[in-house]
Amino acid sequence: MKIAIVTDAWLPQINGVVTTYTETIKRLQKQGIETTTITPEQFRTFRCPTYPEISLSCVRPATIKDTLSTIAPHSIHIATEGPLGWAARRACIREKFSFTTAYHTRFPEYVRVRFPLPLRLSYAFMRCFHEKGSRMMVSSPALKEELEEKGFQNVCLWSRGVDTQLFQPLTMKNEHPEQRTFTYLGRIAPEKNIEAFLNLELPGRKMVIGDGPALTELKARYPGVKFTGFMKGKNLAAQLAESDVFVFPSLTDTLGVVQLEAMACGVPVAAFPVDGPRSLISNGYNGWMDEDLGTAIIKCLDIDPQNCRKYAEAYTWEACTKQFVKNLTIHNEPYGSKNHTLLDRAA
(Lines give C-alpha, C1' and ligand atoms only; values in the text may rest on other atoms or scores of the structure.)
Protein backbone atom coordinates (compact mmCIF):
# COMPACT_ATOMS: atom_id res chain seq x y z
CA MET A 1 0.00 0.00 0.00
CA LYS A 2 1.14 3.53 -0.78
CA ILE A 3 0.20 6.63 1.20
CA ALA A 4 0.79 10.24 0.18
CA ILE A 5 0.87 12.88 2.92
CA VAL A 6 0.54 16.50 1.83
CA THR A 7 1.71 19.04 4.41
CA ASP A 8 2.64 22.72 4.44
CA ALA A 9 4.40 22.18 7.78
CA TRP A 10 7.66 20.29 7.41
CA LEU A 11 11.32 20.17 8.30
CA PRO A 12 13.38 22.14 9.18
CA GLN A 13 10.41 23.36 11.25
CA ILE A 14 10.11 21.61 14.58
CA ASN A 15 6.61 21.69 16.04
CA GLY A 16 3.85 19.33 17.07
CA VAL A 17 2.59 18.83 13.52
CA VAL A 18 6.02 18.02 12.09
CA THR A 19 6.86 15.74 15.01
CA THR A 20 3.57 13.87 14.63
CA TYR A 21 4.12 13.13 10.94
CA THR A 22 7.82 12.33 11.08
CA GLU A 23 7.25 9.86 13.92
CA THR A 24 4.17 8.36 12.23
CA ILE A 25 6.01 7.94 8.92
CA LYS A 26 8.83 6.07 10.68
CA ARG A 27 6.31 3.55 12.03
CA LEU A 28 4.47 3.26 8.70
CA GLN A 29 7.70 2.41 6.94
CA LYS A 30 8.53 -0.21 9.57
CA GLN A 31 5.20 -1.83 8.69
CA GLY A 32 6.17 -1.91 5.03
CA ILE A 33 3.75 0.86 4.06
CA GLU A 34 5.32 3.07 1.40
CA THR A 35 4.83 6.69 2.42
CA THR A 36 5.66 9.76 0.34
CA THR A 37 5.41 13.36 1.49
CA ILE A 38 4.55 16.41 -0.60
CA THR A 39 6.02 19.41 1.20
CA PRO A 40 7.26 22.97 0.51
CA GLU A 41 10.83 21.72 0.10
CA GLN A 42 9.84 20.32 -3.31
CA PHE A 43 8.70 23.69 -4.72
CA ARG A 44 9.60 27.36 -4.78
CA THR A 45 8.71 28.95 -1.48
CA PHE A 46 7.96 32.30 0.11
CA ARG A 47 8.09 33.42 3.73
CA CYS A 48 4.85 33.21 5.65
CA PRO A 49 3.59 36.68 6.69
CA THR A 50 4.29 37.29 10.42
CA TYR A 51 6.15 33.91 10.50
CA PRO A 52 9.31 34.39 8.40
CA GLU A 53 10.77 31.11 9.68
CA ILE A 54 7.95 29.21 7.96
CA SER A 55 8.22 28.57 4.21
CA LEU A 56 5.08 28.15 2.10
CA SER A 57 4.56 27.17 -1.53
CA CYS A 58 1.96 28.42 -3.98
CA VAL A 59 1.48 25.53 -6.38
CA ARG A 60 -1.16 25.01 -9.04
CA PRO A 61 -3.56 22.09 -8.42
CA ALA A 62 -2.44 20.70 -11.79
CA THR A 63 1.11 20.43 -10.45
CA ILE A 64 -0.06 18.55 -7.38
CA LYS A 65 -2.26 16.37 -9.60
CA ASP A 66 0.76 15.38 -11.70
CA THR A 67 2.85 14.77 -8.57
CA LEU A 68 0.19 12.53 -7.09
CA SER A 69 -0.19 10.66 -10.38
CA THR A 70 3.55 9.93 -10.32
CA ILE A 71 3.35 8.68 -6.74
CA ALA A 72 0.14 6.72 -7.45
CA PRO A 73 -0.92 6.36 -3.80
CA HIS A 74 -3.82 4.24 -2.58
CA SER A 75 -4.59 6.85 0.08
CA ILE A 76 -4.07 10.62 0.34
CA HIS A 77 -3.92 12.48 3.63
CA ILE A 78 -3.90 16.28 3.68
CA ALA A 79 -2.30 17.47 6.90
CA THR A 80 -2.64 21.26 6.74
CA GLU A 81 -4.95 23.98 5.45
CA GLY A 82 -2.14 25.89 3.72
CA PRO A 83 -1.46 26.44 0.00
CA LEU A 84 -0.31 22.86 -0.64
CA GLY A 85 -3.29 21.52 1.29
CA TRP A 86 -5.76 23.52 -0.77
CA ALA A 87 -4.07 22.53 -4.05
CA ALA A 88 -4.16 18.84 -3.09
CA ARG A 89 -7.79 19.12 -1.99
CA ARG A 90 -8.77 20.58 -5.35
CA ALA A 91 -6.80 17.95 -7.27
CA CYS A 92 -8.49 15.12 -5.35
CA ILE A 93 -11.95 16.59 -5.88
CA ARG A 94 -11.34 16.94 -9.61
CA GLU A 95 -10.16 13.33 -9.81
CA LYS A 96 -13.02 12.14 -7.58
CA PHE A 97 -10.44 10.57 -5.26
CA SER A 98 -11.36 10.50 -1.57
CA PHE A 99 -8.91 11.90 0.95
CA THR A 100 -8.61 12.46 4.68
CA THR A 101 -7.62 15.63 6.56
CA ALA A 102 -6.44 16.55 10.05
CA TYR A 103 -7.26 19.49 12.29
CA HIS A 104 -3.99 20.25 14.06
CA THR A 105 -4.17 23.98 14.70
CA ARG A 106 -6.81 26.46 15.80
CA PHE A 107 -6.16 28.81 12.90
CA PRO A 108 -9.31 30.90 13.58
CA GLU A 109 -8.05 31.80 17.04
CA TYR A 110 -4.47 32.26 15.81
CA VAL A 111 -5.61 34.65 13.08
CA ARG A 112 -7.78 36.53 15.57
CA VAL A 113 -4.68 37.37 17.63
CA ARG A 114 -3.30 39.37 14.68
CA PHE A 115 -6.33 40.48 12.69
CA PRO A 116 -9.89 41.38 13.85
CA LEU A 117 -11.50 38.68 11.70
CA PRO A 118 -14.76 37.31 13.15
CA LEU A 119 -14.38 33.70 14.28
CA ARG A 120 -17.56 32.67 12.46
CA LEU A 121 -15.94 33.60 9.14
CA SER A 122 -12.66 31.83 9.76
CA TYR A 123 -14.46 28.72 11.04
CA ALA A 124 -16.63 28.76 7.89
CA PHE A 125 -13.38 28.83 5.89
CA MET A 126 -12.09 25.82 7.85
CA ARG A 127 -15.34 23.88 7.40
CA CYS A 128 -15.13 24.51 3.67
CA PHE A 129 -11.67 22.96 3.59
CA HIS A 130 -12.46 19.86 5.65
CA GLU A 131 -16.01 19.04 4.56
CA LYS A 132 -14.86 17.47 1.29
CA GLY A 133 -12.66 14.95 3.09
CA SER A 134 -13.95 11.51 3.97
CA ARG A 135 -12.66 11.92 7.54
CA MET A 136 -11.19 14.74 9.61
CA MET A 137 -8.79 13.53 12.31
CA VAL A 138 -8.53 15.35 15.65
CA SER A 139 -6.38 14.71 18.70
CA SER A 140 -8.90 14.56 21.55
CA PRO A 141 -12.53 13.74 22.38
CA ALA A 142 -13.05 17.29 23.69
CA LEU A 143 -11.91 18.81 20.40
CA LYS A 144 -14.05 16.35 18.44
CA GLU A 145 -17.13 17.37 20.41
CA GLU A 146 -16.37 21.07 20.05
CA LEU A 147 -15.88 20.93 16.29
CA GLU A 148 -18.98 18.82 15.77
CA GLU A 149 -20.94 21.51 17.61
CA LYS A 150 -19.48 24.02 15.14
CA GLY A 151 -20.83 22.00 12.20
CA PHE A 152 -17.79 19.89 11.24
CA GLN A 153 -18.64 16.38 10.00
CA ASN A 154 -16.95 12.97 9.75
CA VAL A 155 -14.72 13.80 12.73
CA CYS A 156 -12.63 10.93 14.12
CA LEU A 157 -9.93 10.55 16.76
CA TRP A 158 -6.20 10.34 16.14
CA SER A 159 -4.20 10.52 19.36
CA ARG A 160 -0.51 11.35 19.78
CA GLY A 161 2.63 9.68 21.06
CA VAL A 162 5.93 10.45 22.75
CA ASP A 163 9.44 9.02 22.39
CA THR A 164 9.95 7.64 25.90
CA GLN A 165 13.47 6.45 24.99
CA LEU A 166 14.57 10.01 24.28
CA PHE A 167 12.54 11.81 26.94
CA GLN A 168 13.41 10.27 30.31
CA PRO A 169 13.59 11.47 33.93
CA LEU A 170 16.90 12.41 35.51
CA THR A 171 18.24 9.90 38.01
CA MET A 172 19.24 12.79 40.29
CA LYS A 173 17.52 16.18 40.37
CA ASN A 174 18.42 19.39 42.20
CA GLU A 175 16.47 19.54 45.47
CA HIS A 176 17.28 23.15 46.42
CA PRO A 177 14.04 25.23 46.41
CA GLU A 178 15.83 28.41 45.36
CA GLN A 179 17.13 26.65 42.23
CA ARG A 180 13.79 25.38 40.96
CA THR A 181 13.25 25.72 37.22
CA PHE A 182 9.92 26.50 35.57
CA THR A 183 10.03 25.83 31.84
CA TYR A 184 8.11 26.66 28.69
CA LEU A 185 8.87 24.78 25.47
CA GLY A 186 7.36 25.65 22.11
CA ARG A 187 7.02 28.29 19.46
CA ILE A 188 7.69 31.83 20.70
CA ALA A 189 4.63 33.58 19.29
CA PRO A 190 1.73 35.73 20.55
CA GLU A 191 -0.91 33.01 20.25
CA LYS A 192 1.01 30.83 22.73
CA ASN A 193 0.15 33.24 25.57
CA ILE A 194 3.69 32.98 26.95
CA GLU A 195 3.51 36.27 28.85
CA ALA A 196 0.90 34.77 31.18
CA PHE A 197 3.84 32.68 32.42
CA LEU A 198 6.59 35.30 32.17
CA ASN A 199 4.66 37.88 34.21
CA LEU A 200 4.34 35.57 37.23
CA GLU A 201 6.35 35.86 40.43
CA LEU A 202 7.70 32.35 41.07
CA PRO A 203 10.08 30.78 43.63
CA GLY A 204 12.81 29.95 41.14
CA ARG A 205 14.03 30.72 37.65
CA LYS A 206 12.04 30.78 34.41
CA MET A 207 13.31 29.16 31.25
CA VAL A 208 11.93 29.42 27.71
CA ILE A 209 13.00 26.86 25.09
CA GLY A 210 12.22 27.53 21.45
CA ASP A 211 12.27 30.06 18.65
CA GLY A 212 9.69 32.19 16.90
CA PRO A 213 8.68 35.67 15.76
CA ALA A 214 8.31 37.06 19.30
CA LEU A 215 11.67 35.83 20.63
CA THR A 216 13.65 39.06 20.19
CA GLU A 217 10.92 41.19 21.77
CA LEU A 218 10.42 38.91 24.77
CA LYS A 219 14.14 38.60 25.42
CA ALA A 220 14.37 42.39 25.61
CA ARG A 221 11.33 42.73 27.86
CA TYR A 222 12.21 39.89 30.25
CA PRO A 223 15.99 40.04 30.87
CA GLY A 224 15.68 37.86 33.98
CA VAL A 225 14.35 34.90 31.99
CA LYS A 226 16.69 32.34 30.43
CA PHE A 227 15.93 32.00 26.72
CA THR A 228 17.79 29.00 25.32
CA GLY A 229 16.67 29.35 21.71
CA PHE A 230 15.93 26.32 19.56
CA MET A 231 16.94 22.93 20.95
CA LYS A 232 16.36 19.34 19.81
CA GLY A 233 17.28 15.73 20.46
CA LYS A 234 19.22 14.72 23.55
CA ASN A 235 20.08 18.31 24.48
CA LEU A 236 16.40 19.22 24.53
CA ALA A 237 15.42 16.13 26.51
CA ALA A 238 18.14 16.76 29.08
CA GLN A 239 17.17 20.41 29.51
CA LEU A 240 13.51 19.51 29.88
CA ALA A 241 14.27 16.80 32.44
CA GLU A 242 16.06 19.33 34.65
CA SER A 243 12.81 21.30 35.04
CA ASP A 244 10.67 21.14 38.17
CA VAL A 245 7.45 22.22 36.44
CA PHE A 246 6.55 22.48 32.77
CA VAL A 247 4.33 25.49 32.11
CA PHE A 248 1.85 25.29 29.24
CA PRO A 249 0.10 28.70 29.07
CA SER A 250 -1.58 28.24 25.68
CA LEU A 251 -5.33 28.76 25.50
CA THR A 252 -5.64 27.54 21.90
CA ASP A 253 -3.51 24.40 21.33
CA THR A 254 -5.49 21.37 20.22
CA LEU A 255 -3.35 19.03 22.36
CA GLY A 256 0.32 19.91 22.81
CA VAL A 257 2.78 17.04 22.29
CA VAL A 258 5.25 18.98 24.46
CA GLN A 259 3.07 18.17 27.46
CA LEU A 260 3.67 14.47 26.90
CA GLU A 261 7.39 15.07 26.39
CA ALA A 262 7.56 16.86 29.75
CA MET A 263 5.62 14.09 31.51
CA ALA A 264 7.90 11.46 29.98
CA CYS A 265 10.76 13.33 31.71
CA GLY A 266 8.89 13.05 35.00
CA VAL A 267 7.95 16.74 34.95
CA PRO A 268 4.38 17.76 35.92
CA VAL A 269 2.49 20.20 33.68
CA ALA A 270 0.81 23.42 34.85
CA ALA A 271 -1.84 24.87 32.55
CA PHE A 272 -5.10 26.70 32.22
CA PRO A 273 -8.22 24.46 32.23
CA VAL A 274 -8.78 24.48 28.45
CA ASP A 275 -9.26 21.67 25.93
CA GLY A 276 -5.63 20.80 25.14
CA PRO A 277 -4.50 20.32 28.76
CA ARG A 278 -7.86 18.80 29.79
CA SER A 279 -7.15 15.95 27.39
CA LEU A 280 -3.96 15.00 29.24
CA ILE A 281 -3.83 16.43 32.76
CA SER A 282 -5.43 14.95 35.85
CA ASN A 283 -5.17 17.44 38.70
CA GLY A 284 -2.86 16.19 41.42
CA TYR A 285 -1.62 13.20 39.43
CA ASN A 286 0.46 14.41 36.47
CA GLY A 287 -0.10 18.15 36.62
CA TRP A 288 -2.50 20.86 37.62
CA MET A 289 -4.97 23.12 35.81
CA ASP A 290 -6.28 26.33 37.30
CA GLU A 291 -7.63 29.67 36.09
CA ASP A 292 -4.77 31.09 38.16
CA LEU A 293 -1.68 29.76 36.36
CA GLY A 294 0.56 30.64 39.31
CA THR A 295 -1.55 28.47 41.61
CA ALA A 296 -1.34 25.58 39.15
CA ILE A 297 2.46 25.89 39.03
CA ILE A 298 2.89 25.84 42.81
CA LYS A 299 0.56 22.84 43.18
CA CYS A 300 2.67 20.94 40.64
CA LEU A 301 5.65 21.05 43.02
CA ASP A 302 3.98 18.38 45.18
CA ILE A 303 3.30 15.93 42.34
CA ASP A 304 5.16 12.61 42.15
CA PRO A 305 7.37 12.54 39.01
CA GLN A 306 6.75 8.80 38.66
CA ASN A 307 3.06 9.47 38.02
CA CYS A 308 3.98 11.75 35.12
CA ARG A 309 6.29 9.16 33.60
CA LYS A 310 3.75 6.37 33.98
CA TYR A 311 1.07 8.45 32.26
CA ALA A 312 3.31 9.33 29.29
CA GLU A 313 4.31 5.70 28.75
CA ALA A 314 0.73 4.93 27.67
CA TYR A 315 1.11 7.23 24.65
CA THR A 316 3.11 5.31 22.08
CA TRP A 317 3.74 6.32 18.48
CA GLU A 318 2.94 2.72 17.50
CA ALA A 319 -0.62 3.06 18.83
CA CYS A 320 -0.88 6.49 17.24
CA THR A 321 0.16 5.09 13.85
CA LYS A 322 -2.26 2.18 14.08
CA GLN A 323 -5.11 4.64 14.68
CA PHE A 324 -3.96 6.81 11.77
CA VAL A 325 -4.01 3.88 9.32
CA LYS A 326 -7.45 2.82 10.56
CA ASN A 327 -8.78 6.30 9.78
CA LEU A 328 -7.47 6.41 6.22
CA THR A 329 -9.65 5.91 3.17
CA ILE A 330 -8.02 3.16 1.08
CA HIS A 331 -8.66 2.72 -2.64
CA ASN A 332 -8.46 -0.48 -4.67
CA GLU A 333 -6.80 1.41 -7.51
CA PRO A 334 -4.20 4.14 -6.95
CA TYR A 335 -4.63 7.84 -7.63
CA GLY A 336 -4.54 8.52 -11.34
CA SER A 337 -6.23 5.25 -12.29
CA LYS A 338 -9.53 5.61 -14.12
CA ASN A 339 -10.87 2.61 -12.26
CA HIS A 340 -10.13 3.51 -8.65
CA THR A 341 -12.86 2.44 -6.27
CA LEU A 342 -13.14 2.45 -2.49
CA LEU A 343 -12.41 -0.44 -0.19
CA ASP A 344 -13.36 1.70 2.76
CA ARG A 345 -15.55 4.76 2.97
CA ALA A 346 -16.38 7.10 5.82
CA ALA A 347 -19.86 6.90 7.25
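Out of region 107-143, which residues are more than 17 Å from the chain's Cα centre (by Cα) and among the polar types (S, T, N, Q)? Across region 107-143, the qualifying residues are 122, 134. Screening 63, 67 for residues that are without any contact (Cβ under 8 Å) to a residue 40 or more places away in the chain, more than 22 Å from residue 251 (Cβ to Cβ) and in contact with a strand residue (DSSP E or B) (Cβ under 9 Å, 6 or more places away or on another chain) leaves exactly one candidate, 67. Apart from one condition, residue 34 fits all of (1) over 21 Å from residue 212 (Cβ atoms); (2) at pLDDT 95 or above; (3) open to solvent by 30 Å² or more (accessible area, probe 1.4 Å); (4) out of contact with any Lys or Arg (no Cβ under 9 Å at 6 or more places or on another chain); the exception is (4).
Among the residues of region 185-201, some residue qualifies, meaning at least one is in contact (Cβ under 8 Å) with a residue 40 or more places away in the chain, over 18 Å from residue 18 (Cα atoms) and touching a strand residue (DSSP E or B) at 6+ places or on another chain (Cβ under 7 Å). In the set (1) open to solvent by 30 Å² or more (accessible area, probe 1.4 Å); (2) farther than 28 Å from residue 213 by Cα; (3) of a type outside the set (A, V, I, L, M, F, W, C), residue 47 fails one condition alone, (2). Checking the stated criteria, residue 319 turns out not to satisfy the condition of being assigned to a loop (DSSP other than H, G, I, E, B) and not charged (D, E, K, R). Are any of the residues in region 245-259 in a helix (DSSP H, G or I) and open to solvent by less than 10 Å² (accessible area, probe 1.4 Å)? Scanning region 245-259 turns up at least one residue that is in a helix (DSSP H, G or I) and open to solvent by less than 10 Å² (accessible area, probe 1.4 Å).
Report yes if some residue within region 231-242 is over 22 Å from the mean Cα position of the chain (by Cα), at pLDDT 95 or above and buried (at least 17 other Cβ atoms within 10 Å of the Cβ); otherwise report no. Among the residues of region 231-242, not one is over 22 Å from the mean Cα position of the chain (by Cα), at pLDDT 95 or above and buried (at least 17 other Cβ atoms within 10 Å of the Cβ), which makes the answer no.
Condition check ((1) part of a loop (DSSP other than H, G, I, E, B); (2) open to solvent by 70 Å² or more (accessible area, probe 1.4 Å)) across all residues:
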{"site": "96", "(1), (2)": "yes, yes"}
{"site": "104", "(1), (2)": "yes, no"}
{"site": "125", "(1), (2)": "no, yes"}
{"site": "133", "(1), (2)": "yes, no"}
{"site": "142", "(1), (2)": "no, no"}
{"site": "169", "(1), (2)": "yes, no"}
{"site": "197", "(1), (2)": "no, no"}
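In region 82-94, the residue that is farthest from the chain's Cα centre (by Cα) out of those that are touching a residue at least 60 places away in the same chain (Cβ under 8 Å) and open to solvent by 10 Å² or more (accessible area, probe 1.4 Å) is 83.
The values are calculated or read from the model by the stated rules, or taken from the named source; none is laboratory data. These figures come from a predicted structure and were not determined experimentally. We place every Cβ from the backbone using ideal geometry, glycine too, and count neighbours over all the protein chains shown. Side chains are part of the model used for accessible areas, which takes the heavy atoms of the whole protein and leaves out ligands, DNA and RNA. Shrake-Rupley method; radii C 1.70, N 1.55, O 1.52, S 1.80 Å.
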